[in-house]
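The values are calculated or read from the model by the stated rules, or taken from the named source; none is laboratory data. Computed from a predicted model, the values in this text were never measured in an experiment. For neighbour counting, all protein chains shown are included, and Cβ atoms are generated from backbone atoms with ideal geometry for every residue, glycine included. Side chains are part of the model used for accessible areas, which takes the heavy atoms of the whole protein and leaves out ligands, DNA and RNA. Shrake-Rupley method; radii C 1.70, N 1.55, O 1.52, S 1.80 Å.
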Amino acid sequence: MNLRDAIRTIPDYPKPGIMFRDITTLLGDARAFRRAVDELVQPFAGRRIGKVVGIEARGFILGGAVAHQLSAGFVPLRKKGKLPHVTIETEYALEYGVDTIQMHADAVHAGEEVLLVDDLIATGGTAEAAIKLLRQAGAEVVGAGFIIDLPELGGADRLRALGVPISTLVSFEGH
Ligand code: AMP
């Protein structure tokens, strides 16, 4: 069983030139899903992770499973306007314009060790915003885990430059 083979690629989605890496096929394959979660957990097994933080929306599916396995809590980072209680937020640049992610202000506590999880790292803009938000809240980001890395887009290097250890399971060339 090979994780790479469980990921489906849709060319030119959502726009021409993008190779969309679709993990719904991996999630639907019991052995591949289990393997991916086990491999995301492995570098942190035995550590005292307080919270696993997932980025909307695919990071919720993986982050929930990783949190369960690490006996950690789970924290959702959401697009603006979705969380019902008091929030803190960070803006980040998109190719055109800006976007905002939010977290409940009381979701992590100062000094808490947290692990960030998402399905894919491309430019790293989303994950960098998440790390800034978590640090603003006083959390210590002890790692970030992604199933897929697109190394040509430089996101993994960007997170390393922020001092966050990163683990990825499968790399694809190009965008
Ligand atoms: P970035 O902020 O550039 O690292 O983009 C990461 C976010 O965009 C992740 O939440 C991904 O789910 C999504 N994403 C970016 N590029 C792709 C791609 N080629 N295929 C699937 N999802 C992508």
Scoring the chain by relative contact order with C-alpha pairs under 8 Å, at least six apart, yields a percentage of 18
Applying the span-like rule to the chain (DSSP H, Cα extent along axis at least 24 Å, Kyte-Doolittle mean at least 0.5) gives none
Å² of accessible area per residue within the chain, as computed with a 1.4 Å probe and no ligands counted: 50
For the chain, the percent of accessible surface on carbon and sulfur atoms (probe 1.4 angstrom, ligands and nucleic acids excluded) is 51
For the chain: rounded, prolate or oblate by the Cα gyration tensor [a/c cutoff 1.5]: oblate
If I model a spin label at residue 69 and residue 89 as a point 7 Å from the Cα along the Cα→Cβ vector, what separation in nanometres do I get? 3.4
Between rounded, prolate and oblate, where does the stretch 122-175 land on the alpha carbon gyration tensor, with a ≥ b ≥ c its root eigenvalues, rounded for a/c under 1.5, else prolate if a/b exceeds b/c? prolate
Hey, for a label at residue 19 modelled as a point 7 Å past Cα toward Cβ, could you say which residues of the stretch 133-175 have their backbone N under 15 Å away? 148-154, 170-175
